[in-house]
Amino acid sequence: MKRGFIIAAVAVAVLAPTWAWAQDDAALISAIYYVCDQTRQAEADEVVRDVLGPMFESHMPSGNITAWGMIGHHAGGHWRRAVYFVSPNLGALMDARNAVVEEFLGEHRAAADQMQSVCHTHDDYIWQHVASSVPAEDVVTDRPTAGFSMYAQCDPAREQRADELMQTAFAPVLERHIGEGGLNSWSWWAHHTGGKYRRLLVMDGADHKTVMMTREAIVNDLRAEQPEALSELNAICGSHTDYNWDIMMSSSGGE
């Protein structure tokens with residue numbers, strides 16, 4: 001973990017005919033996962049709502065930020081909050097990041113100190129988009145109430161094979177569970193920079209019950225239809241940590 005307000009990046013890509021695959025000119029998401037004092041984390045929420053959120057919004061007219069949001073811990077590991085913003089390319093992300101950090105640590109230093117006091121440590125990751133059910137510009141903008149994230153530890157020498165399995169064996173099954181009563185969207189991400197987790201599966205839905213029951217149905221379908229692929233993926237990515245996230249704030253241009 002690192003201290004202070006540091007922003008990492010996550011990549012998204014352009015849409016393929018049925019689901020979206022990663023491309024070299026992928027857009028980026030800058031994200032940070034916070035460990036917070038649970039008795040005071042509402043203070044951090046206020047900082048994001050009243051200070052960071054408006055700062056992100058101010059960079060939307062230029063196109064340097066296209067969406068931003070905050071998710072909160074519902075169940076899972078030690079992360080309590082995560083804040084992110086989306087940029088169309090690395091140059092735009094760096095321009096936005098530098099401006100936000102300078103303003104946050106300068107003009108809004110009191111708010112930055114409060115955030116540091118409540119959420120004293122954090123983890124940075126850069127995730128690169130591999131596949132998703134929606135176009136790149138929608139992958140983190142049309143967010144419902146509940147999200148599920150599986151953070152997987154994988155063998156770096158074989159993780160590209162995990163991506164192939166996701167694209168060929170898993171994606172068709174996930175796609176069948178998109179729609180009313182199921183998932184709103186799903187996406188699969190590859191580690192670019194950060195800590196021990198090498199792959200990330202994200203599934204959003206109307207509520208946590210819907211997401212978790214759909215997740216169980218997907219696993220059952222994979223066991224019945226793709227047992228060899230499921231076994232191979234489990235061998236490559238041998239352990240994981242699951243989170244249920246409350247999607248607390250989500251904006252794509254003032255929506």
Heavy-atom accessible surface of the chain: percent carbon and sulfur, 1.4 Å: 49 percent
Over the chain, consider all pairs of different Cα atoms and compute the Kirkwood hydrodynamic radius from their mean reciprocal separation; express it in Å, one decimal. 18.4 Å
Might you work out the accessible area of residue 161 for me, using a 1.4 Å probe with all protein chains in place, and round it to the nearest 10 Å²? 90 Å²
Along each principal axis, Cα extent of region 100-158, largest first, Å: 42, 31, 23
What whole-number distance in Å separates the alpha-carbon centres of region 166-215 and region 29-106? 22 Å
Each residue of region 75-91 in order: what ³J(HN,Hα) in whole Hz does its phi give by Karplus 6.51 cos²θ - 1.76 cosθ + 1.60, θ = phi - 60°, with x for Gly and Pro? 7, x, x, 8, 5, 9, 9, 9, 10, 8, 9, 10, 10, x, 6, 5, x
Cβ-Cβ FRET estimate between residue 109 and residue 246, R0 fixed at 25 Å, reported to 0.05: 0.30
Under the Karplus relation with 6.51, -1.76 and 1.60 and θ = phi - 60°, whole-Hz ³J(HN,Hα) for region 193-199, x at Gly and Pro, equal 8, x, x, 6, 7, 9, 9
Per residue, in Å², the accessible surface of the chain once ligands and nucleic acids are set aside, probe 1.4 Å: 44 Å²
I need the shape label for region 153-255. Rule: rounded when a/c is under 1.5, else prolate if a/b > b/c, else oblate, with a, b, c from the alpha carbon gyration tensor. oblate
With a point put 7 Å past each Cα toward its Cβ, work out how far residue 94 is from residue 206 in nm, to one decimal. 4.5 nm
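The values are calculated or read from the model by the stated rules, or taken from the named source; none is laboratory data. Owing to the predicted nature of the structure, the values given are computational and were not obtained by experimental measurement. Glycine also receives a Cβ, built like all others from the backbone with ideal geometry; neighbour counts cover every protein chain displayed. We work out accessible area using only protein heavy atoms, side chains counted, and drop any ligands, DNA or RNA first. Shrake-Rupley method; radii C 1.70, N 1.55, O 1.52, S 1.80 Å.
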